[in-house]
Amino acid sequence: MGLIWLSDARHHQLQRFRRNTWKAIALCIVLRLAGTALGFDLVEPARSQPAAPTPLYTLEQDFRL
């Protein structure tokens, strides 16, 4: 029993969409693993931003002695 009822044509469209989505996900995983294991660099890794330098404070700056 489902919450929504679909026509047969719509049901097959959604099945095809889900199947193609999982194929695309699997292809991305395979490309990523091949790039990592074999060094192909098929999928470029995301660039990480360097952390902002933290300012250095001394005790004298916070508490004027």
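The values are calculated or read from the model by the stated rules, or taken from the named source; none is laboratory data. Quick caveat, the model's predicted, so the values are computed rather than measured. Just the protein is used for accessible areas: all its heavy atoms, side chains included, with ligands, DNA and RNA removed. Shrake-Rupley method; radii C 1.70, N 1.55, O 1.52, S 1.80 Å.
What to note about this one:
- Failed item in (1) at pLDDT 70 or above; (2) open to solvent by less than 100 Å² (accessible area, probe 1.4 Å), with Arg16 passing the rest: (2)
- Test: residue in region 25-36 that is among the β-branched types (Val, Ile, Thr), open to solvent by 100 Å² or more (accessible area, probe 1.4 Å) and at pLDDT below 90: yes
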